[in-house]
Amino acid sequence: MSETRVIKVNGREVEVASDLTLLQACEAAGEEIPRFCYHERLSVAGNCRMCLIEVKGGPPKPVASCAQNVRDLRPGPEGAPPELFTNTPMVKKAREGVMEFLLINHPLDCPICDQGGECDLQDQAMAYGRDGSRYAENKRAVEEKHMGPLIKTIMTRCIQCTRCVRFATEIAGVDDLGLVNRGEDAEITTYLEKAVESELTGNLIDVCPVGALTSRPYAFNARPWELRKTETIDVMDAVGSNIRVDARGREVLRILPVVHEDINEEWIADKSRFIWDGLRRQRIDRPYIRRDGKLAPASWDEALNLAGEKLKTTPSDRIGALAGDLVPAEAVKALKDLMIALGVPNFDCRQDGAPLGGGDRRGYLFNTGIAGLEEADAILLVGTNPRKEAPMINARIRKAWLEKLDLKIGLIGEQASLTYDYDYLGAGPETLDSLAKGEGAFAEALKAAKRPVVIVGMGALARQDGAAVLASVAGLASTVGAVKGGWNGFNVLHDAAARVAALDLGFLPQEGGRDFEGILAGCEAREIDLVYNFGADEFDPKRLGGAFVIYQGHHGDAGARHADIILPGAAYTEQSGVYANTEGRAQMGARALFAPGDAREDWAILRALSARAGKTLPYDDLFALRQAMIEDAPSLGRIDQVGGDDAPFDLAAVGVAGAMSGEPFTSSVSDYYLTNPIARASKTMAESSAAMSGAAKIAAE
């Protein structure tokens, strides 16, 4: 804890931490301080001068409150508390002068500016500016900059606050933005007129206090007061970022971050932010039945009756069920209950084949927690590229690396630019094996660390020898003391939003049942006659060719194209549902709008189908289903909580010891922008993928 100090703000005494800036101290006292360049999560630049205040006993001029700390204040006569003033004539005149300077070259195109209604400059000009300008000179103009397909630039509006430069350099970890020239010629630029190569570029739009950087896909679509705003959960990866979905009518027009300090702070990744145009493209909005080799529209009655009849008449051991990566936990519970009622033992949620699930749930969770990474003093990454698989976790690792100069980071697997320095230890299992035996300098660093962290990704686990790799990683974590009183440094990094909840609910092969690969092999061998494909699109659906396929989902992706019956479901923005992120933190997603056409909520489709299959599920509403789900997996009822299990964690029970192949580990994500059906339907994501692959080629040359 930092020491505190008593100060006076506008005549009122307050006690504040001495390491606060004067701006933070004034706000703690309830006074609003205008600012443009200052941002709580970025370094202090002190270059907009809008936050000027008066310090009694200080210099006879206003002080930039963002650039001075409480500890630097001199006490008054006879040890009286230092005094700050935010509303004196001196402060008012100074702020009016600063605002007048800021607007000298500003184009004043508020009626056609996309930032209108959410613009700090507009708001503060009204609150703190003069009612007119004394400058009649011609305004300067600045050339637009190319920043890629996501950011629209109108650089004439830029006030050189440098927030975007500091965000790119400090949080995103790329050096693509900077301020060049001096005086009237100063401008923010990308130097080489290329896209900003980061998965966090959308946050530049949020930090820009004027309309210089705006969202290119959202440009001129709506004004903020026209939008219906719904706070919910993102499903583009397994991080569970908190988001706000802004919709108008039947369309999502924008997605923004919601602050959650333990998960995404106040940032979100680009895929989470710009995916929204994919929510309305290539949608399945009515049921279909394959007739004479072609999918033809059908009514719900026809589709459900045929699906129910097929489920009733097919022997239970010749039915398989697959759960995808974007489905809510309630629907997974409903599908599991339906399969068990039918006596089906073959169902699985692990599209990639990772040998996770069963036993202690800490064996497949990110146990340290995302925020907990800031306490780590050594981090080992095994078979993962967190920059592609979980950009917000990568940003948190970078934050820890910046704050702790002695933080050691090691990587086993594919070499990649991760925005922080790391020791490249090797490519595959051989390196992991030698590290587990305590060989090498990094093994010593892990052992010496008080809070070591081992992170294993799906690139290391989704292989034939995945169980042996998992056991080896768990053994290494045990050897270096990653799990001890009050600290669990063993972490599995998932890349699918629905996976942890499905594992919690035990959506895994029952006794004598087939796993994901077994079901596909059964279809090829004509041993599985019917497959219920619930939103699984990340495998080759041609392998289902020997079976009758019922597909439930929301996009016409690979799974739907190889189906015999299609039941149109709702996307994550169109239904309320629980998702558990990679930490095991259950979070509630909310419905922002209704699904298009005849599409229905996932759990409701399964409930209706169960009646047609003669095995009616015992719940008629979402509340009753949630109660049954929480009874099955109590962790899914602890909304926004992690941990809760104080029993000893036996790392020896994680994975299955065995021989590992010599194949190097590779990342589970090859193209960050095209990892799921919604992303593949998005024009914005396709443009981003093309722009980034082009940028990568240029960089390689």
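The values are calculated or read from the model by the stated rules, or taken from the named source; none is laboratory data. Fair warning: this is a prediction, and the values are worked out from it, not measured in the lab. Cβ placement follows ideal geometry from the backbone for every residue including glycine, while neighbour counts extend to all protein chains displayed. When the accessible area is computed, the model is the full protein with side chains, heavy atoms only, and any ligands, DNA or RNA have been set aside. Shrake-Rupley method; radii C 1.70, N 1.55, O 1.52, S 1.80 Å.
Considering only segment 202-233, state which residues are free of Cβ contacts under 8 Å to residues at least 40 places away in the same chain and either open to solvent by less than 10 Å² (accessible area, probe 1.4 Å) or in a loop (DSSP other than H, G, I, E, B) (or both).
221, 222, 227, listed by residue number.
Out of the residues in segment 667-701 meeting the condition of being in a loop (DSSP other than H, G, I, E, B) and open to solvent by 70 Å² or more (accessible area, probe 1.4 Å), tell me which one is modelled with the highest pLDDT.
670
Considering only segment 613-631, state which residues are surrounded by fewer than 15 Cβ atoms within 10 Å (Cβ to Cβ) and under 29 Å from the mean Cα position of the chain (by Cα).
Passing the criteria: 623, 627, 631.
Hey, residue 416 hits all of (1) part of a helix (DSSP H, G or I); (2) of a type in the set (A, V, I, L, M, F, W, C); (3) surrounded by fewer than 24 Cβ atoms within 10 Å (Cβ to Cβ) but one; which does it fall short on?
Unmet condition: (1).
Applying the selection to segment 382-420, what residues are within 23 Å of residue 41 (Cβ to Cβ) and either touching a His at 6+ places or on another chain (Cβ under 8 Å) or hydroxyl-bearing (Ser, Thr, Tyr) (or both)?
Answer for segment 382-420, where residues must be within 23 Å of residue 41 (Cβ to Cβ) and either touching a His at 6+ places or on another chain (Cβ under 8 Å) or hydroxyl-bearing (Ser, Thr, Tyr) (or both): 417, 419, 420.
Among the listed residues 571, 560, which satisfies the condition of being crowded, with 24+ Cβ neighbours inside 10 Å, closer than 23 Å to residue 242 by Cβ and among the small types (Gly, Ala, Ser)?
571
Show the residue pairs meeting these rules: Cβ distance below 7 Å; 6+ apart or different chains; first residue within segment 422-439 and under 21 Å from residue 397 (Cα atoms) and of a type outside the set (A, V, I, L, M); second residue open to solvent by less than 40 Å² (accessible area, probe 1.4 Å) and assigned to a helix (DSSP H, G or I).
Once the first residue is under 21 Å from residue 397 (Cα atoms) and of a type outside the set (A, V, I, L, M) and sits in segment 422-439, its partners that are open to solvent by less than 40 Å² (accessible area, probe 1.4 Å) and assigned to a helix (DSSP H, G or I) give 423/442.
Can you name the residue in segment 574-589 that is open to solvent by less than 10 Å² (accessible area, probe 1.4 Å) and among the small types (Gly, Ala, Ser) and, of all such residues, is modelled with the lowest pLDDT?
Checked segment 574-589; the qualifying residue modelled with the lowest pLDDT is 584.
Scan segment 1-48 residue by residue and report those that are within 30 Å of the chain's Cα centre (by Cα) and loosely packed, with under 15 Cβ neighbours inside 10 Å.
40, 41, 43
Looking at segment 578-601 only, could you name the residues that are closer than 12 Å to residue 330 by Cα and out of contact with any strand residue (DSSP E or B) (no Cβ under 7 Å at 6 or more places or on another chain)?
Once the filter is applied, which keeps residues that are closer than 12 Å to residue 330 by Cα and out of contact with any strand residue (DSSP E or B) (no Cβ under 7 Å at 6 or more places or on another chain), segment 578-601 yields only 601.
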